[in-house]
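Taking it in order: structure first as C-alpha cells, then the write-up.
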Amino acid sequence: MATWVLTTAEKKNVVETEFWTKDGQTIKRSTGFRWGTVSCESDERPDIDLDNPDGLEVFNTDYDFELDSLDDGCWAEVEYPDDMTEEEQERMDELWDEDSYSAWEEEGWINSDTETYFNGPLNLEQQ
C-alpha cells in the first residue's frame, strides 16, 4: 500500500469553511491558508485532475484523505445570518478573538460541518 500526498502548487489556494449552527441559524466562517497537505493510502494512484480548474473538496472524494497540515492562515471571513443584528455580530467577533472555537461552543453554537477546498493546480506525490 502506497501513501499519496496531495498539496497545493501555489500559495493562498486553500479555503476551509466551517458551518456553525444554533437554533436554526447558521454562521459560515471561512479561513484562507497559504498551503495545504493531505494524504491517503491506496494501491493505485488517486485519479485527480491536477489542473483542478473547479477546486477540489479534499474530504469529499473517492479517497480517504487525512489532513496533514493547513499552513499559515492568512485571512478570515464570516457570514452571519441575515437577521443577526450588527451588535450581535460584533459580540460574536469579539468572542472568537478571545477564545475562538471554545467561546462559540460555550454560546451553544455547534460546528456542524466543515468543507476544505484546494484551489488551483495541485501536486500529487507517492511517498
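Loop only by DSSP, 13 or fewer other Cβ within 10 Å of the Cβ. Give me the GluC sites (Glu not before Pro) in segment 36-118 that pass, ordered by residue number. Here the GluC sites (Glu not before Pro) that fit, given the DSSP loop and packing criteria, are Glu44, Glu107.
Centre-to-centre separation between the Cα atoms of segment 1-51 and those of segment 63-114: 17 Å.
Compared with the dominant Cα axis of the chain, that is its longest principal axis, helix 86-106 is turned about 60°.
Only helices enter the 222 nm calculation for the chain: every DSSP H run of n ≥ 4 contributes -39,500 (n - 2.57), and dividing by all residues gives -5500 deg cm²/dmol, rounded to 500. For segment 18-82, relative contact order (Cα pairs under 8 Å, six or more residues apart, normalised by length) works out to 50 percent.
Every read-out reported here was derived from the displayed coordinates using simple, explicitly stated rules and does not represent laboratory data. Since the model is a prediction, treat every value here as computed from it, not as a measurement. Cβ atoms come from the backbone with ideal geometry, glycine included; neighbour counts cover every protein chain shown.
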